[in-house]
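Structure record follows, encoded as structure tokens.
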Amino acid sequence: MASILVTGGAGYIGAHTARLLLEEGHDVQVVDDLSKGYAHNVPKGRLHIINLHDAASLDALFARHRFDAVIHFAALIAVGESMREAERYFRNNVGGSLALLEVMRRYGVRRIVFSSTAAVYGDPDSTPIPEDAPLRPKNPYGESKLMVEKILGWLDRTSGLRSVSLRYFNACGAEPRYGIGEEHQPETHLIPLILRAILTGEPITVFGDDYPTPDGTCIRDYIHVSDLAAAHVRALEYLMAGGATDVFNAGTGRGYTVLEVIRAAERATGRPVPFRVGPRREGDAAVLVADSSKLRKTLGWQPQYESLEAMVESAWQFENSRRTR
Ligand SMILES: NC(=O)c1ccc[n+]([C@@H]2O[C@H](COP(=O)([O-])OP(=O)(O)OC[C@H]3O[C@@H](n4cnc5c(N)ncnc54)[C@H](O)[C@@H]3O)[C@@H](O)[C@H]2O)c1
């Protein structure tokens, strides 16, 4: 059993991971400022409402718990917003991470799993994308994550910090056992937007159908949030066993077009999805699919959710329970 601090653990992916860690017998404390997350996502008694920049409160928490490792999810995550408020994104995502790393150093906590993103690749030259593909973020959000990856690389060399950065592709779905799910405000992710379009009758916009893909819409790699949570637990075990600092893609390696996601949602819900096609959105790559062989081989990770329909179905269950809460 390990003692783990989960930052951003009141958010979507952090909350799923915190619960999985608890199920696997670890002791878990959550730090979140609730700027985006929800107290109801965190099991009772484990939430500490702290902003990462509040060094005194973080210090007090580290003094009370002897953490073996940190899993660091806390960040602002909206790509479009990062283009308008770049300073805020760098301050929160890079500055917040530095503040956390300084406290970890003071208390001798030497292992961290970090939420990175496929956005570090920008427009890839080819797909599936391996970890050693060129890193060319196209927005401050992706750049902020790459900057933290680089800081972690330096701290490995200068102070022996061991880290795993997981570059997530598109997280989706919900774990029915936990009764939690995706509730971003505002929501920018495709699957919850599709489900809300079904429920409200308000059509969603598909951004562009003239990409060089089989049906002209963008292709993305969807990874179920429970499989992503499991990847964090594997990464943690790897670090606890003395694993070296490394970077892994976290995706299934299978891509789906936007229209395929819409059709999967129609099958999973039995309801039509109202949508309209609009122009391309600035900055969207045509295809983003992970080469996930490194995660599978090195960490022994295997996704449980292979079918897109099952992923959407789990999100649909959550969306319905949320409305009757
Ligand atoms: N959702 C995805 O598909 C996806 C894809 C790639 C990467 N990521 C990364 O995964 C992580 C989690 O994403 P998510 O979808 O769960 O987002 P989320 O917004 O649901 O969770 C992030 C949490 O961090 C908290 N937070 C933000 N800044 C903070 C600060 N300074 N101090 C304390 N708490 C703070 C928020 O309140 C929120 O609860 C993020 O780092 C994100 O960049 C997500």
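Read-outs: derived from the displayed coordinates by stated rules, not from any lab. Just so it is clear, the model here is predicted, and its values are computed rather than measured. Heads up, the Cβs are rebuilt from the backbone with ideal geometry, glycines too, and the neighbour counts pull from every protein chain shown.
When you have a sec, figure out the Kirkwood radius of region 79-145 from all distinct Cα pair distances and drop it here in Å to one decimal?
So the Kirkwood estimate lands at 13.4 Å.
Give me the net charge for the shell around G108: Cβ to Cβ below 12 angstrom, other residues only, Lys and Arg +1, Asp and Glu -1.
Here the charged neighbours net out to +4.
Kindly put T213, T324 in sequence by how many other C-beta atoms sit within 10 Å of each C-beta, fewest to most.
Placing the least packed residue first, the sequence is T324, T213.
Cross-link partners among aspartates and glutamates for K44, C-alpha distance below 19 Å, same-chain residues fewer than 8 apart left out?
Candidates past the 8-residue exclusion: E23, E24, D27, D32, D33, E175.
Once you have the Cα-Cα distance between L193 and H40, take 0.36 nm times their residue separation minus that, and quote the gain in nm to one decimal.
So the extension gain works out to 52.9 nm.
Given region 179-325 reduced to its alpha-carbon atoms as identical point scatterers, what log10 I(q)/I(0) does the Debye formula return at q = 0.08 Å⁻¹?
-0.26
Full-extension gain between D210 and E309, please, as 0.36 nm times their residue separation minus the C-alpha to C-alpha distance.
Answer, rounded to one decimal: 33.2 nm.
Once every DSSP H run of n ≥ 4 in the chain is given -39500 (n - 2.57) and the sum is divided by its residues, what mean residue ellipticity at 222 nm do you get, rounded to the nearest 500 deg cm²/dmol?
-12000 deg cm²/dmol
On a C-alpha basis, how far is the centre of region 53-71 from the centre of region 295-323 in Å? Whole number, if you could?
So the two Cα centres are separated by 31 Å.
Output the relative contact order of region 212-307, whole-number percent, from Cα pairs under 8 angstrom with separation of 6+ residues.
47
With N set to the number of residues, divide the alpha-carbon radius of gyration of region 1-49 by 2.2 N^0.38 Å and report two decimals.
That works out to 0.98 for region 1-49.
Going toward the positive end of the dipole of region 237-287, with +1 on Lys and Arg Cβ and -1 on Asp and Glu Cβ, which of F248, Y238, A285 do you reach last?
With unit charges placed on the Cβ atoms, the residue in question is A285.
What is region 78-215's relative contact order, in percent, from Cα pairs under 8 angstrom and six or more apart in sequence?
Relative contact order of region 78-215: 25 percent.
Would you calculate the separation in nanometres between label points at Q185 and N320, each defined as 7 Å from the Cα along the Cα-to-beta-carbon direction?
Going from the Q185 label point to the N320 one covers 2.6 nm.
Work out Dmax and Rg for the chain from the C-alpha atoms and quote the Rg first, both in angstrom.
Spelled out, the Cα radius of gyration and Dmax of the chain are 19.0, 56 Å.
Give the shape of region 26-108 as rounded, prolate or oblate, defined through the alpha-carbon gyration tensor: a ≥ b ≥ c are the square roots of its eigenvalues, a/c under 1.5 means rounded, and otherwise the shape is prolate if a/b is larger than b/c and oblate if not.
oblate
Restricting attention to region 175-216, which GluC sites (Glu not before Pro) occupy a DSSP loop and are surrounded by at most 14 other Cβ atoms within 10 Å?
E187
Among bridges DSSP assigns within the chain, what percent are antiparallel (round to 5)?
10
Shape call for region 271-324 from the C-alpha gyration tensor, a ≥ b ≥ c root eigenvalues: rounded (a/c under 1.5), prolate (a/b greater than b/c) or oblate?
Oblate is the answer for region 271-324, as a/c is 1.5 or above yet b/c matches or exceeds a/b.
Want the number for H53 to D123: 0.36 nm per residue separation, take away the alpha-carbon distance, what's left?
Full extension of this stretch gives 22.0 nm more.
With an 8 Å Cα cut-off and a minimum separation of 6 or more residues, compute the relative contact order for the chain in percent.
19
Give me the lysines in straight-line cross-link reach of K150: C-alpha distance below 23 Å, same-chain residues under 8 apart excluded.
Partners within reach: K138, K294.
Treating only the Cβ of Lys, Arg, Asp and Glu as charged (+1, +1, -1, -1), what charge dipole size does region 264-325 show about its Cα centre? Round to the nearest 20 debye.
The calculated dipole for region 264-325 is roughly 180 debye.
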